[in-house]
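First comes the structure, then the notes that go with it.
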Amino acid sequence: MKQLRIKYEATLKQLFNNFLTSRQALGVTEKTIKTYKAHFQAMSHYLDTDELITEFQEEAIEEMIVSMRRKELSANSIKSYLITLRAFFRWCKEKGICDITVKPYKGKDIIKEPYTDKEVEALLKKPNLRNCSFTEYRNWVMVCLLLNCGCRAATLRSITVQDVNLDHEYILFRHTKSQRIQTIPLCKQMINILREYLLIRKGEGSDPLFCSQYGKKLNEAGLRKAIATYNQSRGIKKTSTHLYRHTFSKIFLLDCGGNAFTLQRILGHSTLDMTKHYCNIYDADLINNFDELSPLAIYSKREKSITKADIQKRR
């Protein structure tokens, strides 16, 4: 195991607070900071966070992993904790505090069942504007936008009226995980939907596009509840907002013939890693052309050809 290069009289807890401050100074989102804190709190049940960094050894990380597995924590939870710990010790190494290395932990691929075609059809059915509430109509428009571009919930909540450019057929995403502004194209149907919605929504340019019934920006819990209520009203048991992102990716790859690089740009992934995850699950090239690749399909065709030839001979 690697040993410390220099002396530094501070505990893991103290240094982790310094690490959080440095991340905030770099502009890391509050949601990420909150996740770091939650992960460190969870790890504190398995690590002595009051131990001096000069006394800390890599064996403690291995012991933590073993303890977590004994407690039957999921592989993906352990993987998430180790990602945070790796970021922390990478920062420590950059600062010359210590030379601890945290090895990546292999999680398990989880396939979240996307909304089915039948469910999507039910979700996209336009409500009757004569007797529906504004919130139901707003929720329908949000669902349409989620299936137009697969944006994240935080991005959806942060869109303002002025971000919608119907003349040039795009929408601006100013609040993204990568903190880079995205320009996302709108299909003709979405343009028509937003044009009608804005006539009803009204509001100033800086107002949230999807507001609460009081005209305020939806918070995280409010959006989650709105989507859950809407889905259930359509007879859909699944209520996940993020599942629309998975559904968009599946339909984009399988039904629309989209490619990984375009999907990466639309979803706003900084690398191809997460996009590859969708591509591995929904490999359109493999699925759509499998009749040409399957030995069973080829031999079945041969069998049919032989049978047809025999029938013609008998005639």
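When residue 139 is tested against (1) touching a Lys or Arg at 6+ places or on another chain (Cβ under 9 Å); (2) under 28 Å from residue 281 (Cβ atoms); (3) surrounded by 14 or more Cβ atoms within 10 Å (Cβ to Cβ), exactly one condition is not met: (1). Among the residues making up segment 193-235, those that are in contact (Cβ under 8 Å) with a residue 60 or more places away in the chain, part of a helix (DSSP H, G or I) and under 18 Å from residue 173 (Cα atoms) are 220, 223.
Residue count for segment 40-63 under the criterion of being in a helix (DSSP H, G or I) and over 28 Å from residue 112 (Cβ atoms): the result is 5.
Restricting attention to segment 64-73, does a residue exist that is in contact with a Lys or Arg (Cβ under 9 Å, 6 or more places away or on another chain) and either of a type in the set (A, V, I, L, M) or over 16 Å from residue 11 (Cβ atoms) (or both)? No, because not a single residue in segment 64-73 is in contact with a Lys or Arg (Cβ under 9 Å, 6 or more places away or on another chain) and either of a type in the set (A, V, I, L, M) or over 16 Å from residue 11 (Cβ atoms) (or both).
Only one entry of 136, 113, 119 meets the criterion of being among the acidic types (Asp, Glu), modelled with pLDDT of 95 or more and closer than 16 Å to residue 247 by Cα, and that entry is 119. Would you be able to say whether some residue in segment 81-99 is surrounded by 18 or more Cβ atoms within 10 Å (Cβ to Cβ), part of a loop (DSSP other than H, G, I, E, B) and either among the charged types (D, E, K, R) or modelled with pLDDT under 95 (or both)? Scanning segment 81-99 turns up at least one residue that is surrounded by 18 or more Cβ atoms within 10 Å (Cβ to Cβ), part of a loop (DSSP other than H, G, I, E, B) and either among the charged types (D, E, K, R) or modelled with pLDDT under 95 (or both).
Regarding residue 186, is this residue surrounded by fewer than 17 Cβ atoms within 10 Å (Cβ to Cβ), among the aliphatic types (A, V, I, L, M) and either touching an Asp or Glu at 6+ places or on another chain (Cβ under 9 Å) or outside the structural domain of residue 220 (by TED's automatic domain parsing) (or both)? The answer is no for residue 186.
Determine, yes or no, whether residue 72 is of a type in the set (D, E, K, R), outside any helix (DSSP H, G or I) and either free of Cβ contacts under 8 Å to residues at least 60 places away in the same chain or over 30 Å from residue 175 (Cβ atoms) (or both). Judged against the criteria, residue 72 is a match.
Got at least one residue in segment 70-92 being in contact with a Leu (Cβ under 6 Å, 6 or more places away or on another chain), of a type in the set (A, V, I, L, M) and more than 30 Å from residue 235 (Cβ to Cβ)? No; the residues of segment 70-92 include none that is in contact with a Leu (Cβ under 6 Å, 6 or more places away or on another chain), of a type in the set (A, V, I, L, M) and more than 30 Å from residue 235 (Cβ to Cβ). If you take the residues of segment 1-30 that are of a type in the set (S, T, N, Q) and part of a loop (DSSP other than H, G, I, E, B), which of them is modelled with the highest pLDDT? Taking the candidates together, the pick is 29. With respect to residue 150, determine if the residue is surrounded by 12 or more Cβ atoms within 10 Å (Cβ to Cβ), of a type outside the set (Val, Ile, Thr), under 18 Å from the mean Cα position of the chain (by Cα) and outside the structural domain of residue 278 (by TED's automatic domain parsing). The answer is no for residue 150. None of 129, 123, 166 is surrounded by 15 or more Cβ atoms within 10 Å (Cβ to Cβ) and at negative phi except 123.
The values are calculated or read from the model by the stated rules, or taken from the named source; none is laboratory data. What you are looking at is a predicted structure, and each value in this text was computed from that prediction instead of being measured. When we count neighbours, we look across all protein chains shown, and the Cβ atoms used for this are built from the backbone with ideal geometry, even at glycine.
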